[in-house]
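What follows is a single structure, written as structure tokens, with notes after it.
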Amino acid sequence: MSSQRRRGPTEIRYEILKAALGGQRKTRIMYQSSLNLKQLNKYLDDLVLMEMIGYHPSGKCFATTDRGRTFARMFENYKETADLLGEQKKALERFLMSRAKKPLAAAP
């Protein structure tokens, strides 16, 4: 069984936008974002409608737009914050567990 966690749609969109920075063909985006063609087409259609990615017929490639780059930066900030909060939560849990293992003093 794979140890890779499931990604949500927002994270998948982020990975597609990141893969399309500077312009990439569909196949390259598909491999870099670990999607099959059917999944990629669905997300690309959504991202084009949201004006986060553009298609350039002359080069047959997709490129992340300014709006898409803004979203990608916002998502990176979100991930950093979520990671920090996760570390804080673990530290709090360790702190609580360190006190729970010590026996209570007998009442006088």
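Miscellaneous remarks
- When residues of region 1-56 are limited to those that are closer than 11 Å to Gly68 by Cα and small (Gly, Ala, Ser), the one nearest to the chain's Cα centre (by Cα): Ala20
- Assessment of region 62-73 against the conditions (farther than 12 Å from Glu15 by Cα, over 16 Å from the mean Cα position of the chain (by Cα) and in a strand (DSSP E or B)) yields at least one matching residue.
- Residue list for region 42-71, restricted to those being among the small types (Gly, Ala, Ser) and touching a residue at least 12 places away in the same chain (Cβ under 8 Å): Gly59, Ala63, Gly68
A short reminder: the numbers here are calculations on the coordinates, not readings from a lab. Note that the structure is predicted; figures quoted are calculated from it, not measured. Neighbour counts are summed over all protein chains in view; Cβ atoms, including those assigned to glycine, are modelled from backbone coordinates with ideal geometry.
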